[in-house]
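Okay, structure first, notes after.
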Amino acid sequence: MSQQENLAQDKLDPASLLKKIKEWGCEIVGIGDVSDGLPPDLKGLSTAISLALIHPEQKAEDQIYEYRFLEIEQRFEYIQKKISKQLRDDGWRFLKIPTDTSKQRDRLISRIHPLFPHKTAATCAGLGWIGKSGLLINPYHGPRLSWATVLTNAPYWATGKPYIHGQCGHCIACVRACPAGAISGKEWSRGTNYETMIDIVSCAQQLENNRITIGELACGNCIKVCWRGL
């Protein structure tokens, strides 16, 4: 038997775990191999369980797109605790990576855990690609999702074909909608430097302008106009 066949035999079927994660309240879940995207300290946790929850519907006339939801953060915390217990009971190591909105708050978990891009987990699990806006685009819900990740050394099979290229095609809706002109319109591919896609300084300045004018450090025009999921 070849080494590749031996490795294949060592893989675990994730069907039972995925079923439980859905029962615990996760709306979208996938598993991917993120070996290439991990910092050295996390190399032993090369399996990523990518979790997503759908944003509540928002009014088209709202000035900004709200993407921070306490209820979603709390649901993620519950789901991640359940997953962690299951992995621990099965004898596997794990690391919970909180939502990006949780990281922005001064919480102990945010300071302990190294930053890990949920986009890496999601693209490797086949749950979406990086759009021209720099956001994770799911083929059914577009960018209207919040993401969290659990890294583990449990050798589960990947559940989807990884995305290595963007799928936005000729669409430039986000480019046209950005009030800061911060989106270059460049299509993403694995290894792309985000600085060539998004002018981070201009985007940050627009957020600050919104904070001054409407009282919200947010924008979200690129989310509102994305045709995916409409």
Inset, instruction - Kindly indicate the residue of the range 134-161 that is under 14 Å from the mean Cα position of the chain (by Cα) and in a loop (DSSP other than H, G, I, E, B) and also nearest to Arg75 (Cα to Cα) among those meeting that condition. - result: Arg144
Legend entry - Residue identified as without any contact (Cβ under 8 Å) to a residue 12 or more places away in the chain and either among the small types (Gly, Ala, Ser) or farther than 15 Å from Trp24 by Cβ (or both) among Glu61, Glu66: Glu61
Legend entry - For Gly91: the one exception among (1) assigned to a loop (DSSP other than H, G, I, E, B); (2) over 28 Å from Cys171 (Cα atoms); (3) open to solvent by less than 30 Å² (accessible area, probe 1.4 Å); (4) at pLDDT 95 or above: (3)
Inset, instruction - Within the range 196-215, count every residue that is part of a helix (DSSP H, G or I) and either over 14 Å from Gly134 (Cβ atoms) or open to solvent by less than 60 Å² (accessible area, probe 1.4 Å) (or both). - result: 13
Inset, instruction - Return the only residue of Ile198, Ile164 being over 24 Å from Lys59 (Cβ atoms), touching a helix residue (DSSP H, G or I) at 6+ places or on another chain (Cβ under 9 Å) and of a type in the set (A, V, I, L, M). - result: Ile164
Inset, instruction - Please specify each residue of the range 164-178 satisfying the condition of being open to solvent by 70 Å² or more (accessible area, probe 1.4 Å) and not in a strand (DSSP E or B). - result: Ile164, Gln167, His170, Arg176
Legend entry - Within the range 23-51, considering residues that are in contact with a helix residue (DSSP H, G or I) (Cβ under 7 Å, 6 or more places away or on another chain) and aliphatic (A, V, I, L, M), the one modelled with the lowest pLDDT: Val34
Inset, instruction - Taking the options Ile64, Ile72, Ile79, name whichever one is over 17 Å from the mean Cα position of the chain (by Cα) and open to solvent by less than 80 Å² (accessible area, probe 1.4 Å). - result: Ile64
Inset, instruction - Collect the residues in the range 145-163 that are among the β-branched types (Val, Ile, Thr) and either surrounded by fewer than 17 Cβ atoms within 10 Å (Cβ to Cβ) or within 18 Å of Ser84 (Cα to Cα) (or both), keeping them in residue-number order. - result: Thr149, Val150, Thr152
Inset, instruction - State whether one or more residues within the range 218-229 are touching a residue at least 12 places away in the same chain (Cβ under 8 Å), surrounded by fewer than 14 Cβ atoms within 10 Å (Cβ to Cβ) and part of a loop (DSSP other than H, G, I, E, B). - result: yes
Legend entry - Pairs, first under 16 Å from Ile28 (Cβ atoms) in the range 73-94, second among the basic types (Lys, Arg) and in a loop (DSSP other than H, G, I, E, B), C-beta under 9 Å, six or more apart: none
Legend entry - Filter result (within 15 Å of Arg144 (Cα to Cα) and β-branched (Val, Ile, Thr)) within the range 56-103: Ile64, Ile72, Thr99, Thr101
Inset, instruction - State the number of residues belonging to the range 181-195 that are open to solvent by 80 Å² or more (accessible area, probe 1.4 Å) and in a loop (DSSP other than H, G, I, E, B). - result: 3
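The values are calculated or read from the model by the stated rules, or taken from the named source; none is laboratory data. This is a predicted model, so every value here is computed, not measured. Cβ coordinates were reconstructed from backbone atoms using ideal geometry, including for glycine residues, and neighbour counts include every protein chain displayed. Just so you know, the surface numbers come from the protein's heavy atoms only, side chains and all, with ligands and any DNA or RNA stripped out. Shrake-Rupley method; radii C 1.70, N 1.55, O 1.52, S 1.80 Å.
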